[in-house]
Amino acid sequence: MRILSGIQPSGTLHIGNYFGAIQKIVEAQNQGDLFAFIASYHALTSVKDKEILEKNIFEVAVNFLACGIEPEKSTFWVQSDVKEVLELYWILSNHTSMGLLERAHSYKDKTARGIGANHGLFSYPVLMAADILLYDSNVVPVGKDQIQHVEMARDIATSFNHTYGEILTLPVSKVDENVATVPGTDGAKMSKSYGNTIDMFGTKKGTKKQVMGIVTDSKELDEVKDHTTCNIYKLCELFMNETELLDLQKRYATPGEGYGHFKLTLLDKINEHFEPYAQKRQHLLDNPNEVKEILAFGAQKAQKLAAAKMEIIRDAVGLA
Ligand code: ADP
Ligand code: TRP
């Protein structure tokens, strides 16, 4: 079973990205033949600065590798290192109706938020379909916001196969229902566009500042507090086991401690969680050539498959 997923290098990764995507992708190495890539072409829809894009690509690679992606066990590469995907994107564009793209929630949401509508943003799902279909992917683990894009890849593949025969594999999306949306420091969905994130690998000072900024009600030290509505508690649920959570619930129910104390408990748990990855991460940051070699190795593996598939597709459409 081939499992494929991509993540955009569009900013500093936060714990929402970690629990919603990165952790799942790394775990998938043990569930099937994992293809994971850094969606560098997709990031052009939002990042329009050379240095920032280069830095983001490198950082996402480092973070994935630090969190356990193994280059021998999986295929891990940068999307734009395998150009075949753009050729397939064009071919698939001719099997994608305007209506299909016009119905895309993600496009509608982005333009509604004032992001200028351009062709890259509009045709984003076709490139994503090319990512998925080029590598004969069976399963695509994604967050809820991306389910529709995987459905569109199925629709596009169905239309292509209808014209040329059974050439493309129809993918299914896989959403882990246990991973609820990770809340941000203000209680809304954690997202880099809302400025409410806690970084995966922030500096000690930076992470502390983010955690201390979590919004709570204004109950005093000597008051009983309600854990069920508390943003600190919701974040603690990601890092604590049942016993630790029960203990924390007792602290909420007992006067004497304030939200500042609970925040420090959460901060300790976050640091503890990412600590094992920090050493590997530092090693990779200090050895960028090692990272480049790993990505080149991954691109070579992906390219081999992409080239073989494109030969079949070119032949089918009459471009061989
Ligand atoms: P952002 O909202 O910060 O721009 P992206 O849209 O780049 O994040 O998301 C990258 C991946 O991380 C996607 O798979 C998405 O579903 C997941 N993700 C992002 N934010 C969260 C969150 N708050 N909770 C769970 N998963 C998230
Ligand atoms: N659109 C995805 C996101 O923003 C990233 C992505 C690009 C992707 N191509 C993909 C995910 C192919 C899965 C499969 O999260």
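A few comments on the model shown:
- GNM top mover of K192, K48, K234 - the chain, alpha-carbon springs below 10 Å: K48
- Expressed in units of 2.2 N^0.38 Å, where N is the residue count, the Cα radius of gyration of region 192-281 is 1.12.
- DSSP H segments from the chain that extend 15 Å or more along their own axis, Cα-based, with Kyte-Doolittle mean of -0.5 or above: 50-66, 119-134, 147-164, 288-317
- Gaussian network model of the chain, springs between alpha carbon atoms under 10 Å - residue of A21, A61, A308 with greatest fluctuation: A308
- Assigned charges on the beta-carbon of Lys, Arg, Asp, Glu; the chain dipole about Cα centre (debye): 540 debye
- Farthest positive-ward along region 62-177 dipole, Cα basis, beta-carbon charges - from L121, Q79, T169: L121
- Relative contact order of the chain, defined on C-alpha pairs under 8 angstrom at six or more residues apart (%): 22 percent
- Net charge of the neighbourhood of S191, taken over other residues with C-beta under 15 Å away and scored Lys/Arg +1, Asp/Glu -1, is +1.
- Among S191, S218, S5, the order by Cβ neighbours within 10 angstrom, fewest to most, reads S218, S191, S5.
- Label-point separation, R113 to E51 (7 Å along Cα→Cβ), nm: 2.5 nm
- Neighbour-limited loop hits for trypsin sites (Lys or Arg not before Pro), region 65-159 (at most 15 other Cβ within 10 Å; DSSP other than H, G, I, E, B): K73, K83, R103, R113
- Taking all pairs of distinct alpha-carbon atoms in the chain, Kirkwood radius in angstrom: 21.2 Å
- Over region 201-320, Cα pairs under 8 Å with separation of 6+ residues give a relative contact order of 26 percent.
- GNM remark for the chain: springs join alpha carbons under 10 Å apart, and the peak mean-square fluctuation among G256, G213, G143 falls on G256.
- Gyration tensor over alpha-carbon atoms, region 1-103, equivalent ellipsoid semi-axes in Å: 24, 19, 14
- Charge dipole (Cα centre; +1 on Lys/Arg Cβ, -1 on Asp/Glu Cβ; no other charges) of region 192-281 amounts to roughly 580 debye.
- Distance violations [Cα-Cα > 24 Å] among K110/K280; K110/K144; K204/K292; K73/K204; K24/K209: K110/K280; K204/K292; K73/K204; K24/K209
- For region 207-282 versus region 60-74, the inter-centroid distance based on Cα atoms is 29 Å.
Any read-out appearing in this document is the output of simple, stated calculations on the displayed coordinates, not a laboratory observation. What you are looking at is a predicted structure, and each value in this text was computed from that prediction instead of being measured. Note that each Cβ is placed from the backbone with ideal geometry, even for glycine, and that neighbours are counted across all protein chains shown.
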